[in-house]
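As structure tokens, the structure follows; a few thoughts come after it.
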Amino acid sequence: MPIQSYPLSQLTAFSSLLLDYLDEKPNLKNLYQNSPNIAGFKNQLADKRSFPISNRQTLVEVLQDQYQGIENKPAIEKLLDSNTFTVTTGHQLNLMTGPLYVIYKIVSTINLAKQLKAEYPAFNFIPVYWMATEDHDWDEINHVHLNQKTYSWNTQQQGAVGRFNLEGIQDFLQSLPYSLPIFQKAYTQNNTLSEAVRCYMHELFGAEGLVCLDADDSRLKSLFLHVMESDLLDHVHETLVEKQNQQLNDLGYKTQINARGINLFYLIDGVRERIEKQGEWYKVLNQSIQFNTEELKQELQLHPERFSPNVVLRPVFQECILPNLAYLGGPAEVAYWLQLKGIFDHHQIPYPIVLPRNFALLLPQVEQKRIEKLGIKISDLFLPESSLVRKYVLENSVYSLDFNQEIESVNPILEQMVHKAKQVDPTLEGSILAERQRWVNGLERMAKKLKRAEERNHETAIRQIQQVKAHLFPHGNWQERYDNLLDFYLDKPSLIEDLLDSFDPLNFELYVIPLQSPNA
């Protein structure tokens, strides 16, 4: 079975906002700058040429510090060249890489850099993985799914997860059903979770030029001071996002995020809490820390690293410190980026091209055979199980189970009876109509009984459908949102290379990638 791809619009699983954006519908044009296609990058390159050399120097200095001691480090120094640009994806610091789509994000970004180099050879393009080291939602990332079982690392640490030390992680590693030396090395030879993630991502993708960036650094935050000060003191960003949200709502789209009056957290070891203005004081929630206006300004100037952007400002921070052309994310990320252009315009920061990362379904050989035998379309697998079973039964029944035609054919006779009854005695109309409805209800009950009987005739096939769904959509989740790389990598060490060979980041389709049995 060769690799197949399916347009996202065929899967009934993506929002109208994402599909309309990719189709470049005119009503969305003012929500972004340049089009999500290869031609759009010509204008994007021109927009980003003004990126300050001083920012490049700071970025390179930070990256060189972060890559100390790492062998075969990527070509960080190229970022000093004004003809070098980045394309970026980002994600939380999941254990053991987390769900498959994290890998898909990175592969998509690497391949975009390659495509841009082929199209614009005078420039250099570096793929960047933005590590969400300042995130504090530990419960979202403290586990990994292997063989459809969940394994967790229990730690009492709090605050920015990138700063977590790795003491006690051995119990977690020893509980796993399998591992790889690269993960053992990452988690046992580094001090923090941020360092561990950089280590294993470099082992997996360093040869492809991937640069992993931890933006939790005072030098990088200094480049973002003007935006943070505007947020803290002027509270301009909430109104800008609300305006964009209103436009999206008026067009019938759902929005992903809402801005606050202040969109920054206060960040110190063990603490990442929202800042809120209460009267004349700026208070750190759930802490005894507070500042008046002058104290806050001083704190910001002396310790910019203590201020951490939320989801509204993180994209702006990214574009302040990277010579970046594009961001690749999941469907929800694309949607919330479309809420933010007003902030970029306000601060005169070029808005990047936003792209969805590639989507994939890894298809083991046993599931391939089941699907082919059943004659199920790949696109139908994304239906709820009950809908898929119903569709299969209807399409494979010898007799039609749809009584609509019979009901329609009898309706004129019933109408004629109602007409006659009204002429004889108008008061009979209600009872005649009730009899007609009882007859229609009886037909519908009969249709349901026939469908259940037909399902019994297809019990074996239905059981196979359920098995396919259970394996490809574990616990009701998309495979890429639940399963881990290791579930496939140990049997297929070439998996990452296959993804690199298959994914086209500007082809907005689902890739179905067949996996051969290791003994085949």
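Note on the chain: the alpha carbon radius of gyration divided by the globular reference 2.2 N^0.38 Å gives 1.19. For LEU394, the accessible surface of its heavy atoms amounts to roughly 90 Å² (probe 1.4 Å, protein chains only, rounded to the nearest 10). Taking the C-alpha atoms only, the angle from helix 385-395 to the longest principal axis of the chain is near 40 degrees. Given 37 °C and 0.692 mPa s, compute D for region 112-251 with the Stokes-Einstein relation, Rh being the Kirkwood radius over Cα pairs; round to the nearest whole µm²/s. For these conditions, the coefficient is 177 µm²/s.
Per the Debye formula on identical point scatterers at the alpha carbon atoms of region 28-177, with no solvent, log10 I(q)/I(0) at q = 0.17 Å⁻¹ is -1.13. Take every Cα pair under 8 Å whose residues are at least 6 apart in sequence, average their separation, divide by the length of the chain, and the relative contact order is 23 percent. Counting protein heavy atoms only, the chain has 46 percent of its accessible area on carbon and sulfur, 1.4 angstrom probe. Take every Cα pair under 8 Å whose residues are at least 6 apart in sequence, average their separation, divide by the length of region 62-125, and the relative contact order is 35 percent.
Diagonalising the gyration tensor over the Cα atoms of region 18-86 and scaling each eigenvalue by 5 before taking the square root yields semi-axes of 33, 15, 10 Å, largest first. Going down the table (LYS105/LYS492; LYS105/LYS283; LYS48/LYS114), which pairs top 26 Å between alpha carbons? In this structure, LYS105/LYS283 lie more than 26 Å apart at Cα.
Couplings 3J(HN,Hα) of region 220-227, computed from phi: 6, 5, 5, 6, 10, 4, 5, 6 Hz, in residue order, whole Hz [Karplus 6.51 cos²θ - 1.76 cosθ + 1.60, θ = phi - 60°; x for Gly and Pro].
Solvent-free Debye calculation, one equal scatterer per alpha-carbon of region 219-339: log10 I(q)/I(0) at 0.12, 0.16, 0.18, 0.20 Å⁻¹ equals -0.48, -0.82, -1.00, -1.16. The calculated Kirkwood hydrodynamic radius for region 271-383 is 18.5 Å, given to one decimal from all distinct C-alpha pairs. Angle of helix 100-119 to the longest C-alpha principal axis of the chain, folded into 0 to 90 degrees and rounded to 10: 70°.
Please report the spacing between the Cα centers of region 329-353 and region 191-222 in Å, no decimals. One Cα centre to the other: 24 Å. Treating the Cα atoms of region 141-196 as identical point scatterers in vacuum, please give the log10 of the normalised Debye intensity I(q)/I(0) at q = 0.28 Å⁻¹, two decimals. At q = 0.28 Å⁻¹ the computed log10 ratios are -1.32. Close amide H pairs (under 5 Å, H built 1.01 Å from N) link PHE164 with LEU193, SER194, residues at least 5 positions away or on another chain.
Taking the Cα centroid of region 54-87 and of region 119-188, what is the distance between the two, rounded to the nearest whole Å? Answer, in whole Å: 23. The length gained by stretching the chain between GLU385 and ASP65 to full extension, at 0.36 nm per residue less their Cα-Cα distance, is 110.1 nm.
For LEU361, the amide hydrogen comes within under 5 Å of the amide hydrogens of TYR511, VAL512, ILE513, counting only partners 5 or more places away or on other chains and with H modelled in the peptide plane.
Per-residue 3J(HN,Hα) values for region 51-60, derived from phi via the Karplus relation 6.51 cos²θ - 1.76 cosθ + 1.60 with θ = phi - 60°, read 4, x, 5, 5, 5, 4, 4, 5, 4, 5 Hz in sequence order (x marks Gly and Pro). Dipole magnitude for region 171-281: about 200 debye, using +1 per Lys or Arg Cβ and -1 per Asp or Glu Cβ, origin at the Cα centre.
Applying 1/(1 + (r/R0)^6) with r as the Cβ-Cβ distance of HIS303 and SER175 and R0 = 35 angstrom yields a FRET efficiency of 0.35.
List the residues, sorted by chain then number, that are 5 or more residues from LEU267 or on another chain and whose placed amide H is less than 5 Å from its amide H. Placed amide hydrogens put PHE307, SER308 under 5 Å from LEU267. Phi angles across region 487-497 convert, under the Karplus curve 6.51 cos²θ - 1.76 cosθ + 1.60 with θ = phi - 60°, into 3J(HN,Hα) values of 5, 10, 5, 5, 7, 9, x, 8, 4, 4, 4 Hz, Gly and Pro given as x. Per residue, the accessible area of the chain comes to 46 Å² when a 1.4 Å probe rolls over the protein heavy atoms. Defining a contact as two alpha carbons under 8 Å apart and six or more residues distant in sequence, what relative contact order in percent does region 192-275 show? The value is 20 percent.
The values are calculated or read from the model by the stated rules, or taken from the named source; none is laboratory data. All values derive from a computational prediction rather than experimental measurement. Neighbour counts are summed over all protein chains in view; Cβ atoms, including those assigned to glycine, are modelled from backbone coordinates with ideal geometry. The protein model used for the area step is the full one, side chains on, heavy atoms only, and it has no ligands, DNA or RNA in it. Shrake-Rupley method; radii C 1.70, N 1.55, O 1.52, S 1.80 Å.
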